[in-house]
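Comments concern the structure below.
The values are calculated or read from the model by the stated rules, or taken from the named source; none is laboratory data. Just so you know, these numbers come straight off a predicted model, no measurement behind them. In this analysis, Cβ positions are derived from the backbone assuming ideal geometry, glycine residues included, and neighbour counts consider all displayed protein chains.
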């Protein structure tokens, strides 16, 4: 039984992330054809799960949300009564045409990437000290992606200090962390809810699975040296830290809510001013 609509509200379809998840699952299925069968299996599971979730979003009753419509003061109603009614153009006067209507700033993605990268580095260095008795082991292992000789090195060499590997590892880790943070800033506003769950758990598990499948084919020797349990923990720590920073940032309204003249940077005359800016 559908609950009655509250007064002074309009009914809107409830936000859902299932279409995005379904599309990502299909993408993983096809990506597995050129990487690893496990990627296709993960994609198929995600596709079926998203399809069921999307189905339940609309059947047997569609999920909706009620958006409040504030009433105007009496003086505003009197002013509007003297004006003619016209149809809003897309993007004019707050008319929503695309979602999201607000996005996280680019600076939030950069900050989130740096904070997440620092948190992940602490986990990786802890692994090096606890499991390998060397701070340099995880650094050299990361640099091995760009230094083929390091991937073939023995355990003693991986535990030793290498200035070239240190520089390459820091640069690679910083660039990847910032790019992932920017990706968080773009994607998280499009998710309906549970941002920390998607950014802190689901996303790290998905890209870890993809990296494991690809690295097993591209560089099996390096793949065998990675401790994937610790790797997953470090990715989740990154996702939680970066996701929190991005989520806490002040969102910025997209240009779709601006009039065309404002989006074009033109100071045009004759436009109806907002109610708050009218003189009494």
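Counting the residues of region 135-170 that are touching a residue at least 24 places away in the same chain (Cβ under 8 Å), farther than 19 Å from residue 125 by Cβ and buried (at least 17 other Cβ atoms within 10 Å of the Cβ) gives 1.
Yes or no: residue 189 part of a helix (DSSP H, G or I), buried (at least 16 other Cβ atoms within 10 Å of the Cβ), assigned by TED's automatic domain parsing to the domain that holds residue 115 and modelled with pLDDT of 85 or more? No.
Sort through 212, 247 and tell me the only one that's within 20 Å of residue 144 (Cβ to Cβ) and touching a helix residue (DSSP H, G or I) at 6+ places or on another chain (Cβ under 7 Å). Talk me through it step by step, then tell me what you get.
Values: 247 fails: within 20 Å of residue 144 (Cβ to Cβ).
So the residue among 212, 247 that is within 20 Å of residue 144 (Cβ to Cβ) and touching a helix residue (DSSP H, G or I) at 6+ places or on another chain (Cβ under 7 Å) is 212.
Would it be correct to say that residue 177 is assigned by TED's automatic domain parsing to the domain that holds residue 114, within 19 Å of residue 107 (Cα to Cα), within 20 Å of the chain's Cα centre (by Cα) and buried (at least 17 other Cβ atoms within 10 Å of the Cβ)? In short, yes. Filtering region 214-230 to residues that are modelled with pLDDT of 80 or more, assigned to a helix (DSSP H, G or I) and within 30 Å of residue 185 (Cβ to Cβ) leaves 228, 229, 230. In region 193-205, the residue that is farthest from residue 145 (Cα to Cα) out of those that are surrounded by 19 or more Cβ atoms within 10 Å (Cβ to Cβ) and modelled with pLDDT of 80 or more is 203.
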